[in-house]
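Enquirer: Structure provided below as structure tokens; questions to follow.
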């Protein structure tokens, strides 16, 4: 329970700004693991105030990470896109329950005439299969051509439909929402994002779908690309890249396992690994200590259970039919508009967006999202297992649940990215959090976002109980 009196908030801020900053900075530093010089940034807001900013490592060869560092955050950008839609709903330019085709007539083809924003944003529209579209890596960078192809595409039922409640639209989603936004605003997606969301939040220069040419060289890179010269970087053609940019998979070192064992939420993880869905109690400490050491895969599986991954549905959602890889860090790709996958933002920008959501849609005296709209966007629309993501996502309108096994996060929501970046809010705690990075990992083989989330929830709860 949050005590909403001025004196308590002042005392809380004073305590958090010192102890919390120190603890989370140390935690982020520890979670660099063996991946230096790669690093990242995290930002936390509570009750509209920034209470933590922490950074570690290098964003580029000679540029350290900062809260305003621009980063490719993959699907974490979906939360930004969804928030823009909610602002437009609040402005009465969109309605969750009207057919998308009523705003974008071409979208009605191939059985899509009755699909609404509500079904799309809760991933129940069967519009998840990118393999149903004939598009190579060059076409995927062509916004107008992709809008035409999305408007003409059919729906696709996931394999083993009876087992699932939703099917995550990993790529298609962004073009559908982008097309609708452009139709009702008569603006480009970039223009609408700036006018309706990022300018009111004063983050217009640090949040993009399609990075401006003069900002591309400021985006954080993977360490393996640090040695690419500026000239070569500009000349790269994404469709001609012969090297696949798969994340580096490596075994946990003794140092990594030692760091895990010293994390504040490690005991909770061990309890849940031994007894799924268990409640951690202090009188179980001895039994917990006797459990074997947990590695990255075991911890990650507490959140995203890859043993339940439907590989056919996963590939259908994420891998275009021609199977040509896209280098998302390439200059041309960063400048393209692929809203479901190539959102670029700073940690501070993402945390600010979710700080507004944590405050029920208001920010510094402005109401961006009215109370009725906020009630709808924050209410779970579907429970149960997802056909693409190996988890119960509990989809809201454009956001999944806040993933935690150690805290009560029933009111929390947000969105993670393919690389394990994440941004979320918890209105009950008036809390928002963003973590972005350039570690060469994916959300399925890394635990940083979960370790940081559990830590901040634990620290905040101890100070507001």
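Enquirer: How much length is gained if the chain between residue 261 and residue 47 is pulled fully straight, taking 0.36 nm per residue apart and subtracting their Cα-Cα distance, in nm to one decimal?
Expert: Length gained, residue 261 through residue 47: 73.8 nm.
Enquirer: Would you calculate the separation in nanometres between label points at residue 26 and residue 428, each defined as 7 Å from the Cα along the Cα-to-beta-carbon direction?
Expert: Going from the residue 26 label point to the residue 428 one covers 2.8 nm.
Enquirer: Can you tell me the orientation of helix 21-30 relative to the chain, as the angle in degrees between its alpha-carbon axis and the longest Cα principal axis, to the nearest 10?
Expert: Tilt relative to the chain: about 80 degrees.
Enquirer: Still on this model: How much length is gained if the chain between residue 385 and residue 275 is pulled fully straight, taking 0.36 nm per residue apart and subtracting their Cα-Cα distance, in nm to one decimal?
Expert: Computed gain between residue 385 and residue 275 is 37.6 nm.
Enquirer: How would you rank 151-160, 167-176, 410-419, highest first, on the average number of other Cβ atoms within 10 Å across their residues?
Expert: Ranking, from highest mean packing down: 167-176, 410-419, 151-160.
Enquirer: When you count, for each residue, the other Cβ atoms within 10 Å and take the mean per peptide, how do 341-353, 295-307 rank with the highest first?
Expert: Answer by packing, highest mean first, reads 341-353, 295-307.
Enquirer: Quickly estimate the mean residue ellipticity at 222 nm for the chain, helices only: each DSSP H run with n ≥ 4 gives -39500 (n - 2.57), and the total goes over all residues, rounded to 500.
Expert: Result for the chain: -9000 deg cm²/dmol, rounded to the nearest 500.
Enquirer: Also: How far apart, in nm, are the 7 Å Cα→Cβ label points at residue 227 and residue 160?
Expert: It is 4.3 nm.
Enquirer: Could you check the simple spin-label distance between residue 375 and residue 142, using points 7 Å along Cα→Cβ, in nm with one decimal?
Expert: 4.7
Readers should treat all values here as calculations from the given coordinates under stated rules, not as data from a laboratory. Only a predicted model underlies this, so the values are computations on that prediction, with no experimental measurement involved. Neighbour counts run over all protein chains shown; Cβ positions are idealised from the backbone, glycine included.
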